[in-house]
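Everything below concerns the one structure shown next.
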């Protein structure tokens, strides 16, 4: 081995900057910051071994450690060996004959999750001693575990299973009776706990106490009989409880919603967004054969870290409702054949729109539609001189993730010019226009307008009512043209969240029946009414919007990546 | 003839001596405190000025005092680690959670001479710029807590405590806090958590070294009752003078609790290292020997967590001869001087100073089962190896003592115990629960194997092949089963 390969550290003349330090992980030199932000307070705290290992691309198995939670150091799975440069009496490193600092190996192991790194430290994660320690910790964790993987919902994404593959024994030498603890514990309205599966890592306790601020969970009893429980007499019920299911490394905490519904390895995972408020939490949709089984948060530092609220997470069942609108419908004369299909109906609608007098068309489009759809509608509105608006949807927000604005794309509705200022201000004007007879055609996308002051009597005055929606309601029943649309899970697109972050989502399941993504048929309408725009795809449409609208300037579909991009100015 | 050297125990058990302040004052009490508070600043030859408290800390450093709680760590060094520049208050905690099986020395001080401990505490607090101190006393010492509270009241009334102590301008308040009955509360960081009102889960070190991030994340000193009493005597005598007691690096006196199969179980104060284990067991001034017709079988030399010694063991120790030259000598078990270093060199420890003597009537497997049960019951359950390992060992030993043993159980136990200590756990409880099992099984291996073999033979004769778990479920298990809803 030559000197250069044995000692690839930079020469002493170029020391690393003061705010970083160099350590070695399994011999590989890696530069890490001296401090990293504390996951809860954000204050700088010394960088730990596990962070250095991850920087070096070395996986250290762990259960209790979670990058977003305070360190507990209780599982002992991340024990590693380490050494530090030996110092002479002058407090300077003693050098080996080859010029490299002499390393004193610590006689005791250290937990990588809590031990700060120091300059020149060497971390060893693959020595026989480290492997033996992992094996023994895993054996200890497994002796009292029920080993009920065949009926456990976590099977397939369980850390106990995964590390058993890597560090476990095929056979147990444990011949004693196992510790028995409560099973099927009804912790709260959304969570069931199996205490026998629990490995007491306290991730759920720390998340609930330190992130949510609800000191609801804790341990009772001692030693191996330690038992996770909720505060006596109080259900575990805040808006973030289901995150504990995600961070539970084993199958102790399970979601009542997902429990026993589907084996996780059958699920197709699609990156998407939560549409239940303006925060725009990044999610993964778990689906199989066009049925959605669960939402899980997807990590995005700029938006939701790795959490999401229960309200948003469970708001998906409507996508699979049996009464979804699945048929395209035009005005039906007596004795005529039903539903002639998209092409003739769109041609009919565009014909009517082209003939409409300027100002005689109004558009009400939901702030739950995508940026691209709202942009197309804005183009139509401009061509037709139409009065437009969206519908505000307000609730109660919290300090964590839930925004008081329950529309996923209010910012998009404002930036595309569809929404009035304030949102909803044009709705009375539209109602007045219909009453006065100046507005003869109304295009409604995704809203129930009979509840918004545009009652059945007003809608009856319209010459043409074109409605696109997902679920049936009073408005869709009164539509002359009914265009079945898609839930976000059935199409692609982008939303702009409350903080001006433009994020895209992918298609998880197929639309039902005749339903088509709104952007597709709105694009066709726009082509037929306003003329060709040169776009062929959703990507092209987004890029054109970014060129057209100053607010989106500089963005491209490709540039959004899977984490989105922030607008230059706040919406 | 080895003799007791009663310094801390000087007045304890003397006829007429009571825990009352008036009695303590009659015996010269609080004179040392007065002397400590009056210590003027001293200018060193180099021009550096040492304040009174700094001089006191130096005396303790010079005295070589080692902690009497169990670890035997230098008290002066511990005090020197305290972060005095943080701007945060410094707390002192007196660890009165004496719970190591076999240990009953602190109890004597608390119950019989509480003011001696308070005087030591006040001096230690003054030396470390502490203005708020706590006594964490184990929950079972109900009367002890009452005695301490009464003593605090008396001290406050006489101006030994509170604002402007004895006119010195120094303020100190001391509170008594009772534990709720858990061994782990004696672990200093577990104690701190408990004092903060949480479960006594020991903290991870780093970063939570008490000297920097202790009670309420402030620098904190945790000292044992006996250690704090020793501080008083160090200040009274001067550190160098105190260091003349005992032997080099094992200075001063310490109280030894002798229990088990001796004629005179009890507590004895000795100069550290001046008395051997054999003298402590056999000398009429101490244990007074074994019962009639009994032979020594084993000694647990430092509380139940210390590694056991087998009768007849010899050790190769480095010793300094009269000519000052160091040589390796063979030392018999009973000739081991009772001090910190000799017992460590012999592979065990003097721990909390509790000597448990076992004679040949002892069922060694049952003795270990008893110890293992204790540690399984007291494991806090925070970290994996200790939580699972302590109960696993206890269950295996229960099997072995209830007719369901196997010949391979000796190895089985050793294997479990080997996976717990050595820095794999958050606190030293991992060592505490593993060391007895490791040492008992290693030194009495034949007895463990014979026990398992006899059980296996009996099972084979009755046609049963494998050992079945036996015994009633643990109360917590029974409670858990009762809580589980029926299908």
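Observations on the model:
- The slack between residue A:461 and residue A:322, meaning 0.36 nm per residue of separation minus the straight C-alpha distance, is 46.9 nm.
- With R₀ fixed at 51 Å, the C-beta to C-beta distance from residue B:326 to residue A:263 puts the FRET efficiency at about 0.15.
- Packing around the peptides B:332-344, A:425-437, taken as the average count of other Cβ atoms within 10 Å per residue, puts them in this order, highest first: B:332-344, A:425-437.
- Its residue count N fixes a reference of 2.2 N^0.38 Å for segment B:97-151, and the Cα radius of gyration divided by that reference is 1.17.
- The label point for residue B:205 and the one for residue B:453, both projected 7 Å from the Cα toward the Cβ, are 4.4 nm apart.
- From helices alone, chain A scores -6000 deg cm²/dmol at 222 nm; the rule is -39500 (n - 2.57) for each run of n ≥ 4 DSSP H residues, then divide by the residue total.
- Quotient of Cα Rg and 2.2 N^0.38 Å for segment B:364-466, N being how many residues it contains: 1.08
- 222 nm mean residue ellipticity, helices alone, for chain B (DSSP H n ≥ 4; -39,500 (n - 2.57); rounded to 500): -11500 deg cm²/dmol
- The C-alpha radius of gyration of segment B:266-352, expressed as a fraction of 2.2 N^0.38 Å, stands at 1.10.
- Annotation: the antiparallel percentage among DSSP beta bridges lying fully within the protein assembly as shown is about 65.
- Estimated Rh, the protein assembly as shown: Kirkwood, alpha-carbon pairs, angstrom: 34.3
- To the nearest ten degrees, helix B:225-237 and the longest principal axis of the Cα atoms of chain B are 40 degrees apart.
- Taken along its three principal axes, the alpha carbon spread of segment A:152-238 comes to 41, 26, 21 Å, from the longest extent down to the shortest.
- Across all directions, the shadow cast by the convex hull of chain B built on its C-alpha atoms averages 28.3 square nanometres.
- Inter-probe distance in nm under a simple model that places probes 7 Å from Cα toward Cβ, at residue B:295 and residue A:566: 8.1
- Shielding score for A:170-183, defined as the mean number of other chain Cβ atoms within 10 Å: 6
- Rg/Rh for segment B:77-185 (Cα atoms only, Rh after Kirkwood) is 0.98.
- DSSP bridge analysis restricted to chain A gives an antiparallel fraction near 70%, rounded to the nearest 5.
- Rounded tilt (10° steps) of A:342-355 against the dominant C-alpha axis of chain A: 60
- With both labels modelled 7 Å from their Cα along Cα-to-Cβ, the residue B:146 to residue B:446 distance reads 5.2 nm.
- Across segment B:364-466, the mean sequence separation of Cα contacts (distance under 8 Å, 6 or more residues apart), normalised by length, yields a relative contact order of 32 percent.
- Sequence ranges B:219-226, B:97-104, ranked by mean other-Cβ count within 10 angstrom, highest first: B:219-226, B:97-104
- Per residue, the Cα convex hull of segment B:228-287 amounts to 85 Å³.
- Peptide packing for A:262-272, B:43-53, B:208-218, A:378-388 was compared via the average number of neighbouring C-beta atoms within 10 Å per residue; ordered from the highest value, the list is A:378-388, B:208-218, A:262-272, B:43-53.
- Crossing angle, helix B:409-418 versus chain B [Cα axis fit, 0-90 degrees, rounded to tens]: 30
- Förster radius 30 Å - calculated FRET efficiency between residue A:149 and residue B:464, Cβ distance, rounded to 0.05: 0.45
- Stokes-Einstein D (µm²/s) once Rh is taken as the Kirkwood radius of segment B:358-406 over alpha-carbon pairs, at 25 °C in 0.890 mPa s: 217
- Volume of the Cα convex hull of segment A:374-469, divided per residue and given in Å³: 103
- Legend: mean number of C-beta atoms from other chains within 10 angstrom of residue C-beta atoms, peptide B:97-110, equals 0.
- Pair-distance profile P(r), taking every C-alpha pair of segment B:21-243, with 5 angstrom steps and integer %: 1, 7, 15, 20, 21, 18, 11, 5, 2, 0, 0
- Using 0.36 nm per residue and subtracting the Cα-Cα separation, the extra length available between residue A:40 and residue A:394 on full extension is 124.5 nm.
- Exercise: per-residue mean of other protein chain Cβ atoms within 10 Å, B:388-401: 4
- Note on segment B:21-243: antiparallel DSSP beta bridges, both residues inside, total approximately 20 percent of the bridges counted.
- Förster-model FRET efficiency, 45 Å R0, residue A:343 and residue A:157, C-beta, rounded to 0.05: 0.50
- Of the three principal axes defined by the Cα atoms of chain A, the extents in descending order read 95, 62, 37 Å.
- With contacts taken as Cα pairs under 8 Å at a separation of at least 6 residues, chain B carries a relative contact order of 14 percent.
- Length available on full extension from residue B:418 to residue B:83: 0.36 nm per residue minus the Cα-Cα distance, which gives 117.0 nm.
- Of the two radii for segment A:3-126, the radius of gyration is 0.98 times the Kirkwood radius, both from the alpha carbons; that is the Rg over Rh value.
- The Cα atoms of segment A:342-566 define a convex hull whose projected area, averaged across directions, is 12.1 nm².
- In segment B:293-401, one over the average inverse separation of all distinct C-alpha pairs is 15.7 Å, which is the Kirkwood hydrodynamic radius.
Every number in this text was worked out from the coordinates using simple rules, so none of it is lab data. Keep in mind that what you see is a predicted model, and the values were worked out from it rather than measured. No Cβ is skipped: glycine too gets one built from the backbone with ideal geometry, and neighbour counts run over all protein chains shown.
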